[in-house]
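Undergrad: I am attaching a structure below and will ask some questions about it afterwards.
The values are calculated or read from the model by the stated rules, or taken from the named source; none is laboratory data. Predicted model, so just to flag it, every value in this text is computed and none were measured. Glycine also receives a Cβ, built like all others from the backbone with ideal geometry; neighbour counts cover every protein chain displayed. Surface areas here come from the heavy atoms of the whole protein model, side chains and all, with no ligands, DNA or RNA. Shrake-Rupley method; radii C 1.70, N 1.55, O 1.52, S 1.80 Å.
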Amino acid sequence: MDRDHRGWLPCLLGGAVFAVCMAGTTLPTPLYGLYRQKFGFSELTVTVVYAVYAFGVIGVLLLAGNASDTVGRRPVLMAGLGCAAASAVCFLAATGLGWLYAGRLLSGLSAGLFTGAATAYVMDLAPPGGGSRATFVATAANMGGLGCGPLLAGVLAQYADWPLYLPFAVHLVLVACSAAVVAWLPETVRQRRPLSTVRPRRPALPPQVRTVFGPAAIASFVGFALFGVFTSVSPAFLAESLDVSNHAVSGLVVALAFFASTAGQSVVGRVGVGRSLPLGCAALLAGLALLAGALWWELLPLVVLSAVVGGVGQGLAFRGALAAVAEASPGDRRAAVISTLFVVAYAGISVPVIGVGVLVGPLGLEGAGLVFIGCMALLVSTAGVYLIRRPVRVGT
């Protein structure tokens, strides 16, 4: 048993580094209300500040998504940690809106660098035969880290001094520790090439992938859009409509969605990819309905339920979508197809969220949320019906 634990230690440490980086990307979530009070900007500006992160992720995925296969895992992870540290410094030094934009963009760059490289690194570091468990470690680190960010920031903002500074100072310390861990871990890419050989990857869809990709991409888009709305505007809704001013509570509500996604992804192996996609669509639709009820009746329990149910649906749908398009893709085009799926998913974090921000002015937060829910429900219902009529037939 001790030997098994030692064999898994590098993999688990890689997962911990992954979680630290991803936590930094959601750290500002429960703090946007405080920034609005300090700098005096609108809810639309909050959504734009949030969406800048997605543009950074998409840019890296398109321009350097395969960099770790070329120059090695550790240099890319070190670059990602450098961007994460620079992002924290921007928030610590923030004296105006420009600092927040810069911090979110750098945060997106760090997530874009980590998304592929850290997932591959965690799997590389697993003992022989541990691929399935390593996949779950990477999944849990990714979504668990995203959930820990708002929870950590909310607790520190509520119960400690310097709410706009302490969370980022703590994250800087964690990033420094993570850099030391990466420096200690071994490099797993044996044939490395110069950085100049890294080439941008264009989104690509071979013909045999297209029938699977459409509904998979729609489900991924809706799931990430739901997360985008939760992480950008739910703290404002909790404070303005439900009189929930406790930052720890708002951080916990957002964190629940990410933790539920991890739970949803963990059962895909038992449910099967073919069933996880329509089930994920159904759970997303239920989560959207609960969120609509929460907005209409202004009930906190429905907000919590929508976070949990929608999170499970996102986990089921996204891991199912990733497995389906990967298996349907030819080996020499698989990376490009997966990158395209991630681009669509992260577009879901940015475009609908900005749309909600635009509608807040004329319709109010509740009205804008209901319009968003209606559009997303139509999309995910279409994908779900298509998947029921034409099930995806791939292995798990």
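Undergrad: Suppose we filter V351, V343 for residues that are part of a helix (DSSP H, G or I), under 23 Å from L113 (Cβ atoms) and out of contact with any helix residue (DSSP H, G or I) (no Cβ under 6 Å at 6 or more places or on another chain); which single one remains?
TA: V351
Undergrad: Separate question: Mind checking whether some residue in region 92-102 is under 22 Å from W184 (Cα atoms) and open to solvent by less than 50 Å² (accessible area, probe 1.4 Å)?
TA: No, that holds for no residue.
Undergrad: Run R193 past the list (1) more than 29 Å from L288 (Cα to Cα); (2) out of contact with any Ser or Thr (no Cβ under 6 Å at 6 or more places or on another chain) and report the number of the one that doesn't hold.
TA: (2)
Undergrad: Sticking with this structure for a sec: So, V48, is that one β-branched (V, I, T) and more than 25 Å from L172 (Cβ to Cβ) or not?
TA: yes
Undergrad: Same structure again: From the list L13, L113, L105, L27, which one is surrounded by 23 or more Cβ atoms within 10 Å (Cβ to Cβ), at pLDDT 95 or above and touching a helix residue (DSSP H, G or I) at 6+ places or on another chain (Cβ under 8 Å)?
TA: Of L13, L113, L105, L27, the one residue that is surrounded by 23 or more Cβ atoms within 10 Å (Cβ to Cβ), at pLDDT 95 or above and touching a helix residue (DSSP H, G or I) at 6+ places or on another chain (Cβ under 8 Å) is L27.
So that you can scan it fast, the table gives a plain yes or no per residue for (1) assigned to a helix (DSSP H, G or I); (2) over 15 Å from the mean Cα position of the chain (by Cα):
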| residue | (1), (2) |
| --- | --- |
| A118 | yes, no |
| M123 | yes, yes |
| A126 | no, yes |
| R133 | yes, yes |
| T139 | yes, no |
| G149 | yes, no |
| V155 | yes, yes |
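Undergrad: Restricting to region 62-91, name every residue that is polar (S, T, N, Q), surrounded by fewer than 23 Cβ atoms within 10 Å (Cβ to Cβ) and in a helix (DSSP H, G or I).
TA: Within region 62-91, T70 is the sole residue that qualifies.
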